[in-house]
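The next block holds one structure in the form of structure tokens; read it before the comments.
We did not get these values from a lab; they are worked out from the coordinates using the rules stated. The model shown is predicted, which means the values in this text are computed figures rather than measured ones. FYI the Cβ positions are ideal-geometry reconstructions off the backbone, even for glycines, and counts take in every protein chain you see.
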Amino acid sequence: MGKIDTALGIDWTQCELIECVPGKVSGRPVVRGTRTLPEAIVGSYDLGETMEELHQGFPTLSVAQIKRLIEFAHAQSEQQHHL
């Protein structure tokens, strides 16, 4: 439990940028080597934040990492809608 973002239906464990570490953010999926929740990034993007704004808000992540998380989430969402 806790590995699937129930709000978005995303199985973050399938993304290479994500790790789940017991005791780190309650074992929730986070961006590898950080305490950043991927749904925070995707949610902000979906609410209209630009890549530049996201990078400013999450400076420990590269723009490429941010783009990958968004692409992964949207691909997972598309798969959920086709099931």
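Would you calculate, for the chain, the mean residue ellipticity at 222 nm contributed by helices, counting each DSSP H stretch of 4 or more residues as -39,500 (n - 2.57) and dividing by all residues, to the nearest 500?
On the way: 3 runs with 35 residues, N = 83.
After summing the helix terms and dividing by the residues of the chain, the value is -13000 deg cm²/dmol.
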message: I need to check one value: relative contact order of the chain, counting alpha carbon pairs closer than 8 Å and at least 6 residues apart, in percent.
response: 25 percent
- request: Provide Ile18, Ile10 in ascending order of the number of other Cβ atoms located within 10 Å of each residue's Cβ, fewest first.
  value: Ile18, Ile10
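Take the alpha-carbon positions of the chain, form their convex hull, and give its projected area averaged over all directions (one quarter of the hull surface) in nm². Display every interim value, and only then the final one.
Working: hull surface 21.3 nm².
Hull-based average projected area comes out at 5.3 nm².
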- prompt: With point charges of +1 on the Cβ of Lys and Arg and -1 on the Cβ of Asp and Glu, referenced to the Cα centre of the chain, which listed residue (Thr50, Trp12, Val63) lies farthest in the positive direction of the dipole?
  reply: Trp12
